[in-house]
Amino acid sequence: MATENRQPLRMMPVQILTLHRKLVIACVVGAAVALLLTPTGLRLPTQLLVGWNVGIAVDLILAFSMMRRTDVAHIKRRAAQVDESALVILVLSIGATLASLVAIVFELGASKHAQGVEAALHVLLATTTILLSWTFMQSIFSFHYAHEYYGERGGKIGGLNFPHDDQIAKDDEPDYLDFLYFALVIGMTSQVSDVAITSKVIRRMAALHGVLSFFFNLTVLALTVNMVSNII
């Protein structure tokens, strides 16, 4: 079941962009929104956060749409083509964390000096950024778990044992929503629940996921409490 010997396929840039088109679309839309806000006079951090939020929202809509309509056969085909490295996941996760920290520091800080609707908008932007960034991180990991599970050339490499109900055949194969469940549990609790990890590669990825989620949750909570106490 090990995936250490898997050799990544060499792809042209156009192929890479095609396979990751939802992320490309999200980046383009988010950047466009941030640029369109330039004439409004908003502070640069606010412009970037709005662009980030719109881009992440687009990515999540496309991701959840894909999860709902994609069957296992399609997941296997995609797993044979897509291989998100741990470095890419780490960079995107850190980006989500930094966006949340910027939102807390700048937007909650700005709300301290604002009044009425303006103050509420700053708080709303900060809250939205944190929620979207956290959800984005779980989405990234859920796709990676799925592609790692179905691994080499779309075969079933495994690495996770999902519990089966008596009404479900034991050979029933997990889809994207099952891996989303696994990722959400780690994201919320920094530990696994009823899904057993049997692969070294997935175990290491789950450890990284748990550590990132723990520090994300802890940092956001600490900074939020500190900023709110200063505002009050």
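If you check ILE104, ILE157 for being at pLDDT below 85, buried (at least 19 other Cβ atoms within 10 Å of the Cβ), not in a helix (DSSP H, G or I) and not aromatic (Phe, Trp, Tyr), only one passes: ILE157. Cβ-Cβ contacts under 6 Å between residues 6 or more apart (or on different chains), taken from a first residue in region 173-200 that is at positive phi to a second residue that is assigned to a helix (DSSP H, G or I), are listed as SER190/GLY210; SER190/SER213; SER190/PHE214. The sole residue among VAL123, VAL117 that is of a type in the set (A, V, I, L, M, F, W, C), in a helix (DSSP H, G or I) and surrounded by fewer than 16 Cβ atoms within 10 Å (Cβ to Cβ) is VAL117. Residues that are closer than 26 Å to ARG69 by Cα and modelled with pLDDT of 90 or more: does region 208-220 have at least one? Yes. Within region 201-229, the set of residues being surrounded by 16 or more Cβ atoms within 10 Å (Cβ to Cβ) and either at positive phi or among the hydroxyl-bearing types (Ser, Thr, Tyr) (or both) comprises SER213, THR224. If the condition is being in contact with a Gly (Cβ under 6 Å, 6 or more places away or on another chain) and under 27 Å from LEU108 (Cα atoms), then region 183-226 contributes SER190, SER213. Taking residues in region 208-228 that are within 20 Å of ALA183 (Cα to Cα), and partners anywhere that are modelled with pLDDT of 80 or more and of a type in the set (Val, Ile, Thr), the pairs with Cβ atoms closer than 6 Å and at least 6 places apart or on different chains are HIS209/ILE186; GLY210/ILE186; VAL220/ILE130. For region 108-137, residues that are under 28 Å from HIS209 (Cα atoms) and over 13 Å from the mean Cα position of the chain (by Cα) total 7.
Residue-by-condition table, conditions (1) part of a loop (DSSP other than H, G, I, E, B); (2) among the small types (Gly, Ala, Ser); (3) at pLDDT 90 or above:
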position: LEU17; (1), (2), (3): no, no, no
position: LEU35; (1), (2), (3): no, no, yes
position: THR46; (1), (2), (3): no, no, no
position: VAL54; (1), (2), (3): no, no, yes
position: MET67; (1), (2), (3): no, no, yes
position: ALA73; (1), (2), (3): no, yes, no
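Within region 75-90, being surrounded by fewer than 17 Cβ atoms within 10 Å (Cβ to Cβ) and at pLDDT 80 or above holds for one residue alone: ARG77.
Looking only at residues of region 160-189 that are assigned to a loop (DSSP other than H, G, I, E, B) and modelled with pLDDT of 85 or more, we find that the one that is surrounded by the most Cβ atoms within 10 Å (Cβ to Cβ) is PRO174.
Pairing residues of region 28-49 that are within 14 Å of VAL102 (Cβ to Cβ) with residues that are small (Gly, Ala, Ser), at Cβ distances under 7 Å and at least 6 apart in sequence or on separate chains, gives ALA34/GLY51; GLN47/ALA34; LEU48/ALA34; LEU49/ALA99; LEU49/ALA103.
The values are calculated or read from the model by the stated rules, or taken from the named source; none is laboratory data. Values in this document were obtained by computation on a predicted structure and should not be read as measured data. Note: ideal-geometry Cβ built from the backbone for every residue, glycine included; neighbour counts use all protein chains shown.
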